[in-house]
Amino acid sequence: MFFRARRALQRAWFDLNCRSLLKTSPIASSDTSLTLVSMVCHGEVLMYLLAAKSFCNQLGRNPQVVVLNDGSFTESDCTMIRKHIPAAKIVSISEVAPANTPKGSCWERLLLISDLVANTFVVQLDSDTLTTGSIAEVQQCIDANRSFTLLGDRSFPEVESMTDACLRSKTNLHPMVQAVCERNFDQLPEAASLHYVRGNAGFNGFARGSIDREKVEWFSELMRRLAKEQWNEWGSEQLTSNLLIANSDGATPLPAPKYLSYWAHPDVPYEDSAFIHFIGPYRFSKGLYLRKAKKAIASLAPA
């Protein structure tokens, strides 16, 4: 309870100090070859607008925007999003057709992406991300229609064979479903022909035509053979996203520390990063998110 109260106060302070974002120009969506998808909750609408505006500003393009309402939106949330992204399509999580996969835990987001990617390159952008510098690598992947992913914390920086990834994971005894599957990949006959990258689903690019619902369901059922009932837990969607991207032609892990998640490691030069995913447990640690946010807002054109 104390953690939740503290987090709520930190988020309120962040929003108060970033309210100048609401005086910046809206995103004028015009690029139908690119779609920005994010799942957003009621308490993170301002953070989401900052994530979307800072990303589009550095990318230099105005993609189509699809916002997945996790079910908590108020009418004012929708009004605010449409004021700053007039052409945004807001989709309720209940509108996403179900599939033979787990429910919740971002699975509806992945299914929505699998529906959209038939006709457009899709970038999945979490609300707690911030783009503050040149993202040429992302631009190159989009232009070449190559999938990309943000790496996990201190992950092996390449797409590798599933068998090699399994060997690398044997000493990771974490009980989370992702780790359970990774260290048991070698139990699958299919492992010899598949690839893997330990990415972070907070920022991914899906090449046009690279995935569909059939692939999503296939990888989900493949991993269920390893995880059994645990496959319904949080983390299964990220693992499936990693598999879908790794087995997409020409997939690229984005280079760290230029692109990374914020774990507040003392030896990581976060100040120099161009893209940071401010994950929940460390989001407001040491004030980096707010400092970076103020700089990003200052770089945006006024309304």
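The values are calculated or read from the model by the stated rules, or taken from the named source; none is laboratory data. Everything numeric in this text was worked out from a predicted model, so none of it was measured. Backbone-built Cβ (ideal geometry, glycine too); neighbour counts: all protein chains shown. The protein model used for the area step is the full one, side chains on, heavy atoms only, and it has no ligands, DNA or RNA in it. Shrake-Rupley method; radii C 1.70, N 1.55, O 1.52, S 1.80 Å.
Remarks
- Computed over segment 48-98, the P(r) tail beyond 12 angstrom holds 67 percent of alpha carbon pairs.
- Within the listed set 130, 22, 110, the Gaussian network model of the chain (springs between alpha-carbon atoms below 10 Å) gives the highest mean-square fluctuation for 22.
- Counting heavy atoms of the protein chains alone, residue 13 has an accessible area of about 150 Å² for a 1.4 Å probe.
- Restraint check, 89/258; 23/292; 170/292, Cα-Cα greater than 25 Å: 89/258; 170/292
- Rounded if a/c under 1.5, otherwise prolate or oblate - segment 263-302, Cα gyration tensor axes: prolate
- Solvent-accessible area per residue, Å², over the chain with all protein chains present [probe radius 1.4 Å]: 44
- Three principal axis extents describe the C-alpha atoms of segment 1-77; from largest down they are 45, 27, 21 Å.
- Compactness ratio for the chain: Cα radius of gyration over 2.2 N^0.38 Å (N = residue count) comes to 0.96.
- Added length on full extension, which subtracts the Cα-Cα distance from 0.36 nm per residue, residue 92 to residue 19: 23.7 nm
- Inverting the pair-averaged 1/r between distinct Cα atoms of segment 159-265 gives 14.3 Å as its Kirkwood hydrodynamic radius.
- Folded to 0 to 90 degrees: helix 213-227 orientation relative to the chain principal axis, Cα: 60
- Calculated FRET efficiency for the pair residue 298/residue 72, C-beta based, R₀ 41 Å, to 0.05: 0.85
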